[in-house]
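**Student:** Here it is, the structure in full.
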Amino acid sequence: MAAGLVTTTAFTADPVPADLRETALATFKALPSTTPAVANNPITPEKIVLGKALFFDPRVSASGVFSCNSCHNLATGGDDNLETSIGHGWQKGPRNAPTALNAVFNIAQFWDGRAEDLKAQAKGPVQAGVEMANTPGQVIATLKSMPQYVEWFSAAFAGDADPVTFDNFAKALEAFEATLVTPAPFDAFLNGDDAAMTSEQKQGLTVFMDKGCSSCHSGINVGGEGYYPFGLVEKPSADVLPEKDKGRFAVTNTSDDFYVFRAAPLRNVALTAPYFHSGKVWDLKKAVAIMGTAQLGEELKEEEVDLIVAFLNSLTGKVPEVAYPVLPAETAATPRPVSQILGK
């Protein structure tokens, strides 16, 4: 070797294993081809129609400003692309809004899992003073004041003596949200299509599994199935950690759950920046690198991060086309918007 020359070894990704699909199927599961069933709430076309209207209707908020779609915008990945959401009176919420896309597959809802399903989740933001700041009674009074809503509830819950209830409001929203399923190239690959993912994406999938990312981000939603400390090996920096957030501890009051969160589902993650419950990280490559040190205790090589991000891009799916609904007209009996937090 000539004097003064320094040789470097370029990073070379391992070839794609021949049994990659079989290995992946032991950890992941493809999305179903039909709308999934949910517990104690048969999904019908009538419920979906009603739920879609409710999802887009800002009049379920006390101010008449915020709808479900405000924080879970179906045009921008099912979230609002803000660090934390803006709610009633322009208050800033405490955590980043999770995506509504494929949320039906999560083991529970919210970062801390405090809602067991989408029905329970639907009731939370409506009553939260920092979000919609409304009350169940005011929501039902609003809906009953509009004849079209009464007709839609009667069609969706035909067996109920009083179909317009807060429980049925939540069930209709759950039915609509269960349709927000986004099949992706990764699903086509799992189902047998070798050409659905690029070689780089397959290499990234291999790295994702070999490094241990799939220990937490697994299953049908590539996450959303279990609870883990954020900073399992190394605590993230102060600019990533939100102040005073106790994680799942606030739900269980169990010391082992301090700063524990539900593993984020990673479908469509390329569309849902910023990242983590704090919403402090805007770059997906940086988020992957942070997870390497915080959860795996390993500083991932830049090339490894690039491959993992390539795999994550294969999780970007086709969002179902949703026509913006024409909402029922208000009547003289419809409660007027208010600026105060109701119920306080």
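**Student:** Tell me the relative contact order for the chain as a rounded percent, counting alpha carbon contacts under 8 Å between residues six or more apart.
**Tutor:** 24
**Student:** Mind checking the full-extension length gain between ARG114 and ALA18? Use 0.36 nm per residue of separation minus the Cα-Cα distance, one decimal, nm.
**Tutor:** Full extension from ARG114 to ALA18 adds 30.4 nm.
**Student:** Using Cα pairs under 8 angstrom and six or more residues apart, how large is the relative contact order of the range 20-86, in percent?
**Tutor:** Relative contact order of the range 20-86: 14 percent.
**Student:** For the chain, give the magnitude of the charge dipole about the Cα centre (Cβ charges: +1 Lys/Arg, -1 Asp/Glu; no others), in debye to the nearest 20.
**Tutor:** Its charge dipole is roughly 980 debye.
**Student:** For a bin width of 10 Å, list the pair-distance distribution of the range 1-134 built from all Cα-Cα distances, rounded to whole %.
**Tutor:** 10, 31, 25, 14, 9, 7, 4, 1
**Student:** Per the 1.4 Å probe, what fraction of the accessible area of the range 284-334, in percent, lies on carbon and sulfur atoms?
**Tutor:** 54
**Student:** First compute the accessible area of the range 220-283 with a 1.4 Å probe, then give the percent of it belonging to carbon and sulfur atoms.
**Tutor:** 52
**Student:** What whole-number volume per residue, in cubic angstrom, does the convex hull of the C-alpha atoms of the range 227-301 give?
**Tutor:** 94
**Student:** Which value at 222 nm does the chain reach when only helices count, each DSSP H run of 4 or more adding -39,500 (n - 2.57), with the total divided by all residues and rounded to the nearest 500 deg cm²/dmol?
**Tutor:** After summing the helix terms and dividing by the residues of the chain, the value is -8500 deg cm²/dmol.
**Student:** Determine the per residue accessible area of the chain with all protein chains present and a 1.4 angstrom probe, expressed in square angstrom.
**Tutor:** 47
**Student:** Let me ask another. Of LYS92/LYS286; LYS47/LYS123; LYS244/LYS280; LYS52/LYS171; LYS29/LYS119; LYS144/LYS171, which sit over 19 Å apart, Cα to Cα?
**Tutor:** Going by Cα-Cα distance, LYS92/LYS286; LYS29/LYS119 fall outside the 19 Å limit.
**Student:** Which FRET efficiency value, to the nearest 0.05, is calculated for GLU321 and TRP282 with the Förster distance at 41 angstrom and r the Cβ-Cβ distance?
**Tutor:** Working from the Cβ atoms, E equals 0.90.
**Student:** At 1.4 Å probe size, with the rest of the protein present, what percent of the exposed accessible area of the range 37-105 is carbon and sulfur atoms?
**Tutor:** Reported share for carbon and sulfur atoms: 62 percent.
**Student:** If all Cα-Cα distances of the range 103-191 are sorted into 10 Å bins from 0 onward, what percent lands in each bin, rounded to whole numbers?
**Tutor:** 15, 38, 30, 12, 5
**Student:** Hey, another quick one. Expressed as a whole number of Å, what is the distance separating the alpha-carbon centroids of the range 288-303 and the range 162-199?
**Tutor:** 30
**Student:** If you bin the C-alpha pair distances of the range 147-222 every 5 Å from 0, what whole percents do you get?
**Tutor:** All Cα pairs, binned at 5 Å, distribute as 3, 12, 15, 14, 10, 6, 7, 9, 9, 9, 5, 1 percent.
The values are calculated or read from the model by the stated rules, or taken from the named source; none is laboratory data. Keep in mind that what you see is a predicted model, and the values were worked out from it rather than measured. Counting neighbours? That spans all protein chains shown, and the Cβs are built from the backbone with ideal geometry, glycine included. Surface accessibility is based on the protein's heavy atoms, side chains included, excluding ligands, DNA and RNA. Shrake-Rupley method; radii C 1.70, N 1.55, O 1.52, S 1.80 Å.
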